[in-house]
Amino acid sequence: MSRQNEYLNEKQIKKLQTDFISWYENERRNLPWRQTNDPYFIWISEIMLQQTRVDTVIAYFYRFTKKYPTIKALAQSDEQELLKVWEGLGYYSRARNLKKAAQQIMTEFDGVFPSDIEAIRSLKGIGPYTAGAIASIAFQKAEPAIDGNAMRVISRLYGVDSDIAKPASRKIFDEILRKLIPTSAPGDFNQALMDLGSGVCTPKKPECLSCPLKNFCFSYKTQQQEKFPVKTKAAKPKDVYYVAVAIVNDSGEYLLVQRPDEGLLAKMWTFPLIEVSRQDFEITQKNFAKNAAPIDLFSVAEEVPLPASLPQDVVWQKRHLGEIKHIFSHLKWHVLLFYGVAQSNFAKPLRGRFVPIKEFSTYVFPKPQQKLVGLLEKSKQ
């Protein structure tokens, strides 16, 4: 590891701080969670902003804080209602951890959000970045908030060639930032880093001429902006293959099943999903594909050579309704959707129930299920 910009002395750091805070005061984004120093609202916003774009979060933030305006309200929330409010943001463990942390605050801190950095870190779902953001913005503590934006800016500013994908590199950025963060405005400094990294010092084609730190920046002076940060590529998500089944009963209701209490998409509702091999998926995809002839969704063939993965106590339509794909952080789902009518001897799964389409909106659907419902609705047209 090397840092090329060790020449920044105390006087230069003071100048950098002044220029940077001045830039932020003029250019700061007008975001709802920046209208308050309440740690609760800052916490909610920071959790929502993980893996999610700012413009997407704004509407969710308003809706969530209206439903749960206090730590107590969140701690007492019904989990299914909580997940419904969160629906569409993804990474649902974030929502569950928010409730668990709110309960921690109620029991361990008398309902008051803690100001001590170690106490903040003790809360469920709060890591070093989120703890630093809350401590600096809500409590004006000179704590770094080190995320991808901060590491990219500091890598270029100092010429840090350590791999930012490696957890051990975080110590390097922590050390640098503790020298740079002004004790008079730590929250503004950290938020300035967020704005600079997202809008100016971007991963590709950074807008260096408009950057308030260009006069201090090693990579700008040496024209090596594209060299930094150093980051190894993440492993590709693993491909997983499913057949989803939209099974309707004689009342026109569709079978939904609730996923297990733990694991991916825990306690959420989907059409039944049957995992298959890639080979079986591709064979089914090809042999049961739509052809040029129009399909009447509700004209179900009685004698169809079924894919082996489909339940036998259902009368299936000859062709699948299409494929959806969905990428999680570590998995890529490929899902074919089949439609069928349950026979009189159909055995409902233990965690399953038949639900009319008009009541789908009351159930918590993960994004893949929303896509499957869209595919089903499209096939009706």
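Heavy-atom surface analysis with a 1.4 Å probe gives the chain a carbon and sulfur content of 50 percent of its accessible area.
Nearest 500 deg cm²/dmol is fine: what mean residue ellipticity at 222 nm does the chain get from its DSSP H runs of n ≥ 4 alone, each adding -39,500 (n - 2.57), divided by its residue count? Please report the intermediate quantities before stating the final value.
Details: 14 runs with 152 residues, N = 381.
Helix contribution divided over all residues of the chain: -12000 deg cm²/dmol.
Sparse packing (at most 15 other Cβ atoms within 10 Å of the Cβ) combined with a DSSP loop state is found for the following trypsin sites (Lys or Arg not before Pro) in region 145-206: LYS204. Region 179-249 and region 126-152 have Cα centres separated by 15 Å. For the listed peptides 110-117, 26-33, a ranking on the average number of other beta carbons within 10 Å per residue, highest first, reads 110-117, 26-33.
Under 17 Å of direct C-alpha separation, and excluding same-chain neighbours fewer than eight residues apart, LYS286 reaches these lysines: LYS318, LYS325. Each peptide among 215-223, 128-136 gets the average number of other Cβ atoms lying within 10 Å of its residues, and from highest to lowest they stand as 128-136, 215-223. In order along region 134-143, the phi-based Karplus estimate (6.51 cos²θ - 1.76 cosθ + 1.60, θ = phi - 60°) of 3J(HN,Hα) comes to 5, 4, 7, 7, 7, 10, 6, 9, 6, 10 Hz; Gly and Pro are listed as x. In region 225-266, which GluC sites (Glu not before Pro) fall in coil by DSSP and have 14 or fewer other Cβ atoms within 10 Å? Answer in residue order: GLU262. Surface analysis of region 32-82 yields an accessible area of 50 Å² per residue, using protein heavy atoms and a 1.4 Å probe. With the simple spin-label model, which puts each label point 7 Å out from Cα in the Cβ direction, the VAL230 to GLN80 separation comes to 5.2 nm.
Annotation: amide H of LYS124 within the under-5 Å range of ALA101, sequence separation 5 or more or interchain, hydrogens built in the peptide plane.
Could you give the length gained by full extension between ASP116 and ASN30, i.e. 0.36 nm per residue of separation minus their alpha carbon distance, to one decimal place?
Details: separation 86, 0.36 × 86 = 30.96 nm, distance 2.77 nm.
Separation in residues times 0.36 nm, less the Cα-Cα distance, equals 28.2 nm.
In this calculation the C-beta distance from ASP239 to SER184 is compared with R0 = 51 Å, giving a FRET efficiency of 0.50.
The values are calculated or read from the model by the stated rules, or taken from the named source; none is laboratory data. Everything quoted here is computed from the prediction, not taken from an experiment. Positions of Cβ are generated from backbone atoms using ideal geometry, with glycine treated the same way; all protein chains shown enter the neighbour counts. When the accessible area is computed, the model is the full protein with side chains, heavy atoms only, and any ligands, DNA or RNA have been set aside. Shrake-Rupley method; radii C 1.70, N 1.55, O 1.52, S 1.80 Å.
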